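One structure below.
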Amino acid sequence: MSGVLSVVVVLKGLVEFAGLLILGQGLVFLLSFGRHEQNPIYQVLRFLTSPVTRAVRRITPAFVVDRHVPAVGLFLLFWVWVALLVAKLRLQMPVAG
């Protein structure tokens, strides 16, 4: 496996992990019935997803509500994942010739 392909695979895995963390945070939010701030699992997931939400908060306009930032982050992570998947497939294709 080439070095570039290894980097793409690792980045794709990290994006998948971050996306699953955001989905988990949303699921705990739904299942905690308004008491999510007292839930220790929610607090851990919020801590782990904070780098993504901080980055998304910096690039989104001010009119985007803070509670929508994780959803925007998941949306952006999905498209980064698609781009990394395409890059991985292109790197794995044999060169014609």
- Query: What angle do you read, to the nearest 10 degrees and between 0 and 90, between the alpha-carbon axis of helix 40-59 and the longest principal axis of the chain?
  - Reply: 60
- Note on the structure: Helix 3-31 sits off the longest principal axis of the Cα atoms of the chain, rounded to the nearest 10 on a 0 to 90 degree scale, by 20
- Query: Which of 19, 60, 36 sits farthest toward the positive end of the charge dipole of the chain, with +1 on the Cβ of Lys and Arg and -1 on the Cβ of Asp and Glu?
  - Reply: 60
- Gyration tensor over alpha-carbon atoms, the chain, equivalent ellipsoid semi-axes in Å: 33, 15, 10
- Once label points are set 7 Å from the Cα along Cα→Cβ at both residue 4 and residue 44, what is their separation, rounded to one decimal in nm? 3.9
- Item | the chain, relative contact order in percent, only Cα pairs under 8 angstrom and at least six apart counted | 41
- Dipole of the chain, Cα-centred, from +1 at each Lys and Arg C-beta and -1 at each Asp and Glu C-beta, to the nearest 20 debye? 120
- Under a 10 Å cutoff between Cα atoms, tell me which one of 48, 74, 31 has the largest fluctuation in the Gaussian network model of the chain. 31
- Please build a GNM for the chain, connecting alpha carbons under 10 Å apart, and tell me which residue among 73, 34, 19 fluctuates the most. 34
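Values in this text are rule-based calculations from the coordinates and carry no lab data. Everything numeric in this text was worked out from a predicted model, so none of it was measured. Cβ sites come from the backbone with ideal geometry, for glycine too, and all protein chains shown count toward neighbours.
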